[in-house]
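Step one of this worksheet: look at the structure below.
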Amino acid sequence: MSPGTGWPLDPSAQGTPVARTPADVRRLADGAAGLAQVQAASAVCRACPRLVEHREATARAKRRAHAHEPYWGRPVPSLGVEDPRVLVVGLAPAAHGGNRTGRVFTGDSSGDWIVAALHRAGLADRATSVHAADGLALHRTRIVAPVRCAPPDNRPSTTERDTCAPWLDAELRLCAARLDVVLALGAFAHASALAAARRAGWDVPRPAPRFGHGAEAVLRAPSPGGPGGPGGHGGHGGPGRPVVLLDSYHVSRQNTATGRLTRDMLDAVVARAVALVRP
C-alpha cells in the first residue's frame, strides 16, 4: 500500500523521506524532532532488501483466508500514547498480521493475546485488535517492534536488527520521560531493549540481566538536567530514574498453543507492569 493513499492511521505521505541505506535510517531517526516524524519515516523505510522483498511478496501472494483484502506490505509503525508509562516491546510484525493490517499486533492470534491482556489490566479500551480502523486505543501504553518489517520465518538477521535499531532508539529518546516499565515479549525483545537502553546512556546492570518469564531488572534512565549528555546522567552507579525491565514469553502461537505461555501467566506479568507504574 503506497503512503498517502488513505490507509487508516497511515503516518506517512507521498513526500515522506525514504531511508534506503542504514546510514539513511540513522540520519532520519537521529534527526526526528517528534514521534510523528519517526512513525512517518520508519513506515516507508526500504533499507533492508531481504525484508522489503519478503513483506511485499507476502502482500502480493496473500493468505487464502485474506485473499479478498488489501495488504499493508510496509514497515509497521508503533501503536499507543506518546508519553507511555509502559512500553511493550515485541519482535517484528507477522506476515499476515501487522504486515496485512498495518498495525502492530493486529489481525492475528498474537495480537489477540496481548491486547486482551492489556484490556483486562486496564491498558486498552477493548479486548480485540482486528484492523487499523477498529478504534483500539491504548492507555498509558505504547507498543513497539525492534524490527518493523515482517521477516521470513519470523527471524530477522543480525544486520536487519541493527539497521532497524535507530527507529527504536529514536522512540525511546522521545517517549522515555515518564516511562516506568519496559515489558519485553521474548528474548529478542529483552536483548533489544537492553541494547537500546545502553545506546541511550541508561545505567544497565552488569552482568546483563538474563531473560526469563516474570524476571525483572532495574535500569536507570538519565535524570533530566543531570550531567552526561542531553537529558541527564550517563554512566554506571550514578543517579537516574528507575525503569523496570519486565519479561514475558512472547505471545506467539508457538508459546500459547503449546501451553508454555498461559493466559494466567501473561495476566500476572501485565498486572505486575501496572503495579510498577508510579502515581
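What are the residues in the range 133-155 that are part of a loop (DSSP other than H, G, I, E, B), under 16 Å from the mean Cα position of the chain (by Cα) and either touching a residue at least 24 places away in the same chain (Cβ under 8 Å) or more than 16 Å from V251 (Cα to Cα) (or both), if any?
In the first step, residues of the range 133-155 are kept if they are part of a loop (DSSP other than H, G, I, E, B); the result is 133-137, 139-140, 145-151, 155.
Still in the list and also under 16 Å from the mean Cα position of the chain (by Cα): 137, 139-140, 145-151, 155.
Passing the criteria: A137, H139, R140, A145, P146, V147, R148, C149, A150, P151.
Is it the case that the range 169-177 has a residue that's within 16 Å of V244 (Cα to Cα), of a type in the set (G, A, S), surrounded by fewer than 23 Cβ atoms within 10 Å (Cβ to Cβ) and touching a strand residue (DSSP E or B) at 6+ places or on another chain (Cβ under 9 Å)?
Going residue by residue through the range 169-177, those that are within 16 Å of V244 (Cα to Cα) are 172, 175-177.
After this cut, where a residue has to be of a type in the set (G, A, S) as well, the list is 176-177.
Adding the requirement that they be surrounded by fewer than 23 Cβ atoms within 10 Å (Cβ to Cβ) leaves 176-177.
Checking which are touching a strand residue (DSSP E or B) at 6+ places or on another chain (Cβ under 9 Å) leaves us with 176-177.
The answer is yes, given that some residue of the range 169-177 is within 16 Å of V244 (Cα to Cα), of a type in the set (G, A, S), surrounded by fewer than 23 Cβ atoms within 10 Å (Cβ to Cβ) and touching a strand residue (DSSP E or B) at 6+ places or on another chain (Cβ under 9 Å).
Does any residue in the range 86-104 that is of a type in the set (D, E, K, R) and modelled with pLDDT of 95 or more come within less than 7 Å, Cβ to Cβ, of a residue that is outside any loop (DSSP other than H, G, I, E, B) and buried (at least 24 other Cβ atoms within 10 Å of the Cβ) six or more places away or on a different chain, and which pairs are these?
Listed by first residue and then by second, the contacts come to R103/L79.
Please specify each residue of the range 112-155 satisfying the condition of being in contact with a Phe, Trp or Tyr (Cβ under 8 Å, 6 or more places away or on another chain) and either aliphatic (A, V, I, L, M) or over 26 Å from V25 (Cβ atoms) (or both). Write out each step before concluding.
We begin by selecting, within the range 112-155, every residue in contact with a Phe, Trp or Tyr (Cβ under 8 Å, 6 or more places away or on another chain); these are 114-115, 129, 132, 143, 146, 148.
Across the range 112-155, the qualifying residues are I114, V115, S129, A132, I143.
Examine the range 101-123 for a residue that is in contact with a helix residue (DSSP H, G or I) (Cβ under 9 Å, 6 or more places away or on another chain), within 22 Å of M265 (Cβ to Cβ) and among the basic types (K, R), and state whether such a residue exists.
Among the residues of the range 101-123, at least one is in contact with a helix residue (DSSP H, G or I) (Cβ under 9 Å, 6 or more places away or on another chain), within 22 Å of M265 (Cβ to Cβ) and among the basic types (K, R), which makes the answer yes.
Of A189, A184, which residue is in a helix (DSSP H, G or I) and under 17 Å from V244 (Cβ atoms)?
Details: A184 fails: in a helix (DSSP H, G or I).
Just one listed residue meets the conditions, A189.
Sort out which residues of the range 10-47 are of a type in the set (A, V, I, L, M, F, W, C), in contact with a Pro (Cβ under 8 Å, 6 or more places away or on another chain) and surrounded by fewer than 17 Cβ atoms within 10 Å (Cβ to Cβ), and write them in order of number.
Across the range 10-47, the qualifying residues are A13, A36.
Can you name every residue in the range 91-108 that is in a loop (DSSP other than H, G, I, E, B) and under 23 Å from P49 (Cβ atoms)? Write out each step before concluding.
Within the range 91-108, the first condition is being in a loop (DSSP other than H, G, I, E, B), and the residues that meet it are 91-97, 102-108.
Across the range 91-108, the qualifying residues are L91, A92, P93, A94, A95, H96, G97, G102, V104.
Mind listing whichever residues of the range 93-115 are over 13 Å from A145 (Cα atoms) and aliphatic (A, V, I, L, M)?
Within the range 93-115, A95, I114, V115 qualify.
The values are calculated or read from the model by the stated rules, or taken from the named source; none is laboratory data. Quick caveat, the model's predicted, so the values are computed rather than measured. All Cβ positions, glycine included, derive from the backbone under ideal geometry; neighbour counts span all protein chains shown.
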